[in-house]
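The values are calculated or read from the model by the stated rules, or taken from the named source; none is laboratory data. Bear in mind that the values here come from a model prediction, so they are computed numbers and not experimental data. So basically every Cβ, Gly included, is an ideal-geometry build from the backbone, and we count neighbours across all protein chains shown. Accessible surface is based on the protein model in full, side chains and every heavy atom, while ligands, DNA and RNA are left aside. Shrake-Rupley method; radii C 1.70, N 1.55, O 1.52, S 1.80 Å.
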Protein chains: 2
Amino acid sequence: MASQTKPVLHGYFRSSCSWRVRIAFALKGVEFDQVPVNLIKDGGQQLTEQYKTLNPMQQVPAVEIDGITLSQSLAVIQYIDETRPGPRLLPADPKKRAQVRMISDLIASGIQPLQNLYVIQKMGAEKMQWAQHFIDRGFQALEPILKETSGTYCVDDEISMADICLVPQVYNAERFKVDLEKYPTIKRLNQTLREIEAFRVSHPSCQPDTPEELRG
Amino acid sequence: MASQTKPVLHGYFRSSCSWRVRIAFALKGVEFDQVPVNLIKDGGQQLTEQYKTLNPMQQVPAVEIDGITLSQSLAVIQYIDETRPGPRLLPADPKKRAQVRMISDLIASGIQPLQNLYVIQKMGAEKMQWAQHFIDRGFQALEPILKETSGTYCVDDEISMADICLVPQVYNAERFKVDLEKYPTIKRLNQTLREIEAFRVSHPSCQPDTPEELRG
């Protein structure tokens with residue numbers, strides 16, 4: 001370990017980007033503390049001046065680790081991967097690494113930002129339709145890519161950052177009632193991954209800040 | 001070189017994500033061929049079935065390199081970095097690498113997707129206001145981060161992927177008439193970077209598909 005103090009994740013149980021980081025910590029077997037940032041309560045706790053110093057974008061997650069504060073989940077995941085022992089989260093082969101990053105970025109840049117809380121709040125009555133449109137558009141692109149790259153997991157048979165991005169995005173798709181039957185490869189991969197311990201313990205239904213009625 | 005055939009960039013002169021890849025090739029001194037994909041003409045050449053096989057998201061860029069086809073500019077840039085000699089595009093130190101990725105992702109996930117052509121076309125008469133809002137929101141977060149991390153360039157005194165993302169995003173900000181005076185660090189870094197050869201030769205004003213009236 002690069003540091004003796006535990007990393008601190010400032011996140012929200014239902015945030016897909018917070019869940020990505022929780023999966024990465026779990027896969028690596030890294031213990032961490034969680035500080036809940038409730039995106040709904042008090043008009044949004046991410047909007048306080050105090051939280052802004054941790055993540056100037058006023059989004060979750062923010063991670064305090066090894067004396068620095070990082071935001072942007074893929075930057076955090078790759079930092080964890082590069083500094084912690086345990087299974088690697090990106091393959092050794094450069095072409096496979098590129099495919100993992102392509103899939104991760106398709107989700108993290110091409111889908112999630114267009115259906116996150118801040119954006120859909122701007123859409124008012126159209127928010128469901130807007131979110132569905134952008135998730136469907138992304139999944140239509142992702143499905144043929146994953147059909148090519150996947151084995152047991154998104155890229156071959158090794159769990160990677162691509163899988164870490166996929167599962168929380170499918171969870172969002174389900175929340176927005178996107179029909180997953182159109183995406184058999186995505187559906188299959190998600191089902192396989194959801195059985196894995198690191199994806200189960202990090203699930204939004206069992207976090208310290210999960211409300212009682214959503215626990216399962 | 002991992003392959004003897006030149007990489008092929010399918011891109012558009014004015015696309016900020018295509019420009020990112022052009023800068024990376026230029027910094028590494030890698031020769032490449034360009035195939036223009038006109039995002040406006042014929043209703044958008046990125047929408048053809050033929051192009052869809054290169055990039056299922058029907059966005060630019062797509063890059064054919066070493067026998068694989070990649071989309072998502074940051075995946076492409078990191079692949080170039082990991083497989084080509086020349087100056088590295090991410091620092092050796094893991095914490096600095098994380099900062100480079102955080103800044104790159106803040107732009108590539110937090111700003112660009114919300115002001116790209118596809119999204120603003122949905123906004124109709126409000127498109128200018130929408131784009132300005134999301135660029136300003138991102139720059140308000142980026143300015144204090146860069147104030148901390150920057151030296152001559154975005155992270156210390158080494159040109160990195162963060163710089164590759166910054167300059168095309170500032171170009172977009174200028175197109176959408178965002179007031180850069182509010183962001184002195186961003187403005188300073190952009191001015192410094194714009195003088196560098198790799199950023200000049202890759203500029204939208206001098207590409208094979210730049211229309212005559214926009215050349216300069």
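Points to keep in mind about this one:
- Each copy carries a label point for residue A:188 at 7 Å from Cα along the beta-carbon vector; from one copy to the others these points are 5.4 nm apart, nearest first.
- Rg(Cα) / (2.2 N^0.38 Å) computed for the range B:1-156, rounded to two decimals: 1.12
- For the range A:94-196, taking the reciprocal of the average inverse distance between every pair of different Cα atoms yields a Kirkwood hydrodynamic radius of 13.7 Å.
- Only protein heavy atoms count here; on that basis, with a 1.4 Å probe, residue B:158 has an accessible area of about 80 Å².
- Loop-located GluC sites (Glu not before Pro) across the range B:9-92 with a Cβ neighbour count of 14 or fewer within 10 Å are B:31, with loop assigned by DSSP.
- The DSSP beta bridges internal to chain B are antiparallel in roughly 60% of cases.
- Projecting the Cα atoms of A:118, B:46, A:17 onto the charge dipole of the protein assembly as shown, computed from C-beta unit charges around the Cα centre, puts A:118 farthest toward the positive end.
- Cα convex hull, the protein assembly as shown: 144 Å³ per residue, rounded to a whole number.
- Applying both filters, DSSP loop and at most 16 other Cβ atoms within 10 Å, to the trypsin sites (Lys or Arg not before Pro) of the range B:121-196 gives B:122, B:177.
- Taking every DSSP bridge with both residues inside the protein assembly as shown, close to 60 percent are antiparallel.
- Simple point charges give the picture: +1 on the Cβ of Lys and Arg, -1 on the Cβ of Asp and Glu, and for the range A:1-139 a dipole about the Cα centre of about 360 debye.
- Inter-part distance where the range B:167-207 and the range A:97-168 are each reduced to a Cα centre, Å: 29 Å
- Helix-only CD estimate at 222 nm, as mean residue ellipticity for chain A, using -39500 (n - 2.57) per DSSP H run (n ≥ 4): -15000 deg cm²/dmol
- Note that the protein assembly as shown presents 41 Å² accessible area per residue, ligands and nucleic acids not counted, probe 1.4 Å.
- Per-copy distances of the residue A:144 label point, shortest first, in nm (7 angstrom along Cα→Cβ): 4.4
- For the range A:1-130, carbon and sulfur atoms together expose 49% of the accessible surface, with a 1.4 angstrom probe and every protein chain in place.
- The solvent-accessible area of residue B:123, taken with every protein chain present and a 1.4 Å probe, is close to 30 Å².
- Charge dipole (debye, nearest 20) of the range B:89-128; +1 at Cβ of Lys and Arg, -1 at Cβ of Asp and Glu: 120 debye
- Cβ-placed point charges (K, R +1; D, E -1), dipole of the protein assembly as shown about Cα centre in debye, nearest 20: 380 debye
- Across peptide B:77-88, the mean count of Cβ atoms from other chains lying within 10 Å of each residue's own Cβ comes to 2.
- With the charge dipole of chain A set up from +1 on Lys and Arg Cβ and -1 on Asp and Glu Cβ about the Cα centre, the Cα lying farthest toward the positive end among the listed residues A:98, A:77, A:184 is that of A:184.
- Equivalent-ellipsoid semi-axes for the range A:60-142 (Cα gyration tensor, √(5λ), whole Å, largest first): 29, 19, 7.
- A/B buried area, accessible surface, summed, 1.4 Å probe, Å²: 3700 Å²
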